[in-house]
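The structure under discussion appears below in the form of C-alpha cells.
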Amino acid sequence: MPYLLPKYPAHELGKGDRHQAAKLVRGLADKGDPMSKEVFRVQAHALGLFFDEMVNTFDPDAFIVGGGALETSPEFQRWFLEEVRAAMPSQREEQATIPIYVMPNGDTAGARGAAIEALKLARQSGLA
C-alpha cells in the first residue's frame, strides 16, 4: 500500500493511520475500490509466481489459498484466483489444469486446524 498511495494522493486510506488502513483495504477492494484492488492484484501476481515455483519443486495436484485476504465475496474470490492464475507463467501445460481452491475459515483456518489436532492428541493420551 505505501507504494500505491502516492499514485492515489486523495485516497481515503492515505489520510489516516496506516495500520488501520491495512485493515480496511480488504473491504474496499471487495467493494471495487481501484487502489485497493490493485493491492490485491499485486499480491495475486506474487502468489502466481510462487505457485509456479511450487510446480517446479513439488509437482502438486492442487493449490489452496487461504487467510484473511479471501474473507471476501465469492465474486472477489473468483477475481483474485483468476489474477493468481494469470500470473502463473504459461510455459507448462500441466500448470493450466492444477485446481486452485479457497481454504474455508479465512485467517483462523490454521488455528482451528491446530486446535483439532491438539484435541485429538489429548483424547488419545487420555487427557480429554
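The values are calculated or read from the model by the stated rules, or taken from the named source; none is laboratory data. Keep in mind that this is a model prediction, so the values were computed, not measured. As a convention, Cβ positions derive from the backbone with ideal geometry for all residues, glycine included, and neighbour counts pool all protein chains shown.
Numbers for the structure displayed
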{"quantity": "Criterion (modelled with pLDDT of 90 or more, in contact with a Phe, Trp or Tyr (Cβ under 9 Å, 6 or more places away or on another chain), over 30 Å from Ala128 (Cα atoms) and acidic (Asp, Glu)) met by exactly one of Glu75, Glu53, Glu83", "calculated": "Glu83"}
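So that you can scan it fast, the table gives a plain yes or no per residue for (1) in a helix (DSSP H, G or I); (2) buried (at least 16 other Cβ atoms within 10 Å of the Cβ); (3) out of contact with any His (no Cβ under 9 Å at 6 or more places or on another chain):
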residue	(1), (2), (3)
Met1	no, yes, yes
Gly27	yes, no, yes
Leu47	yes, yes, yes
Asp52	yes, yes, yes
Asn56	yes, no, yes
Glu75	yes, no, yes
Phe80	yes, yes, yes
Ile98	no, yes, yes
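Residue by residue, here is whether (1) touching a residue at least 24 places away in the same chain (Cβ under 8 Å); (2) out of contact with any Ser or Thr (no Cβ under 9 Å at 6 or more places or on another chain) holds:
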{"residue": "Met1", "(1), (2)": "yes, no"}
{"residue": "Leu5", "(1), (2)": "yes, yes"}
{"residue": "Gly16", "(1), (2)": "no, yes"}
{"residue": "Val25", "(1), (2)": "yes, no"}
{"residue": "Asp33", "(1), (2)": "no, yes"}
{"residue": "Arg41", "(1), (2)": "yes, yes"}
{"residue": "His45", "(1), (2)": "yes, yes"}
